[in-house]
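The values are calculated or read from the model by the stated rules, or taken from the named source; none is laboratory data. Computed from a prediction, not measured in an experiment: that's the story for all the values here. Reconstructed Cβ throughout: ideal geometry from the backbone, glycine too, with neighbour counts over all protein chains shown. We work out accessible area using only protein heavy atoms, side chains counted, and drop any ligands, DNA or RNA first. Shrake-Rupley method; radii C 1.70, N 1.55, O 1.52, S 1.80 Å.
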Amino acid sequence: MSRIAYVNGRYVPHRGASVHIEDRGYQFADGVYEVIAVVDGALIDEPRHLERLAYSLGELKIKPPMADGPLRIVMREVLRRNRVRNGMIYLQVTRGRAPRDHGFPKSSEPALVMTARGAKPGRAKLLANGVSVVSAPDIRWERCDIKSISLLPNVLAKQAAAEAGAYECWQIDVDGYVTEGSASNAWIITDKDEIVTRAPTHDILNGITRRAVIDLAGQEGLTHVERPFTLEEAQGAREAFLTSTTSHVLPVVKIAGKTVADGKPGPLTLRLEGNYADFIKSAA
Ligand code: PDD
């Protein structure tokens, strides 16, 4: 079956799908995106994703390409045409096409692109064994709360992880604290039963999975604390894990070459993962 992409109002074969060379996303990375998980045909946490999309667009003063109602219809049509019931939908909005000039164009229509993809196999193994992360200085800009398509530092961080045989790269700010991964949020669990992750300031993306896990931790009676932690604290933590739309909750068992605790996925992490899996199933 051939894949279909949505490009500015049309459903076109994915193979030849393209945007204009003067799309500002292509020339300036002047755009934002969202990735939404699809489980049994349902879009997980859709309202929060649409809310964050509106926030990212608003912060960059990009006009929404369409209202949420039609957007929800198009997302479902993209899933239907691609026969994706389990996987994810990617959507990207840019400031649109205009002659190259850094400042905002006087008139340009936002460009909207969507693709859908089936779930990647292999998660069960990652969950069973846990994953390792490396670290690198966080060289990103000061508005990481915006889900911008300008991802070069994230690309370099993820590549550094891949070259080291690791799953993710935790980025370290100038004060020596972990901000987040290249495409996921970073967490530790302390000996005091605290689930710790960085506060959702401009320094990180406020992950939708992160927010769901905070809600679930509360329901489990676990204390959740928002504060920065260093790589050394993470290496010595009781447990560590990461979260994202595509990774869900994944145990981290090695951090920058050091084994966390006994090197096995932690029991509290696995409990949270189970709760998150239940939450997804109930939403589907
Ligand atoms: N990345 N931090 C960064 C820098 C991210 O890129 C992501 C998600 C997250 C987790 O956010 P969420 O739980 O809403 O997926 C945190 C997506 C999956 C991506 O770029 O593919």
Selected residue [touching a Pro at 6+ places or on another chain (Cβ under 6 Å), open to solvent by less than 60 Å² (accessible area, probe 1.4 Å), outside any loop (DSSP other than H, G, I, E, B) and among the polar types (S, T, N, Q)] from Thr209, Thr243, Thr269: Thr269
Scan the range 37-53 and tell me whether some residue there is β-branched (Val, Ile, Thr) and surrounded by fewer than 13 Cβ atoms within 10 Å (Cβ to Cβ). no
Evaluation of Ile188 against (1) at pLDDT below 95; (2) in contact with a strand residue (DSSP E or B) (Cβ under 8 Å, 6 or more places away or on another chain) (one fails), failing number: (1)
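Taking Ile214, is it among the hydrophobic types (A, V, I, L, M, F, W, C), more than 19 Å from Val133 (Cα to Cα), surrounded by 15 or more Cβ atoms within 10 Å (Cβ to Cβ) and touching a residue at least 24 places away in the same chain (Cβ under 8 Å)?
Values: among the hydrophobic types (A, V, I, L, M, F, W, C): yes; more than 19 Å from Val133 (Cα to Cα): yes; surrounded by 15 or more Cβ atoms within 10 Å (Cβ to Cβ): yes; touching a residue at least 24 places away in the same chain (Cβ under 8 Å): no.
No: the conditions fail for Ile214.
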Filter the helices (runs of 4 or more DSSP H) completely within the range 10-94 down to those with at least 3 residues that are free of Cβ contacts under 8 Å to residues at least 40 places away in the same chain. 46-59, 68-82
A careful count of residues in the range 157-205 that are over 25 Å from Ser56 (Cα atoms), small (Gly, Ala, Ser) and surrounded by fewer than 18 Cβ atoms within 10 Å (Cβ to Cβ) gives 5
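Conditions tested, residue by residue: (1) assigned by TED's automatic domain parsing to the domain that holds Asp173; (2) over 20 Å from the mean Cα position of the chain (by Cα); (3) closer than 26 Å to Met88 by Cβ; (4) polar (S, T, N, Q).
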{"position": "Gly221", "(1), (2), (3), (4)": "yes, yes, no, no"}
{"position": "Val225", "(1), (2), (3), (4)": "yes, yes, no, no"}
{"position": "Thr230", "(1), (2), (3), (4)": "yes, yes, no, yes"}
{"position": "Glu239", "(1), (2), (3), (4)": "yes, yes, no, no"}
{"position": "Val252", "(1), (2), (3), (4)": "yes, no, yes, no"}
{"position": "Gly257", "(1), (2), (3), (4)": "yes, yes, no, no"}
{"position": "Ala261", "(1), (2), (3), (4)": "yes, yes, no, no"}
{"position": "Lys264", "(1), (2), (3), (4)": "yes, yes, no, no"}
Mind telling me which of the residues Pro251, Pro228 ends up being open to solvent by 30 Å² or more (accessible area, probe 1.4 Å) and under 27 Å from Arg140 (Cβ atoms)? Pro228
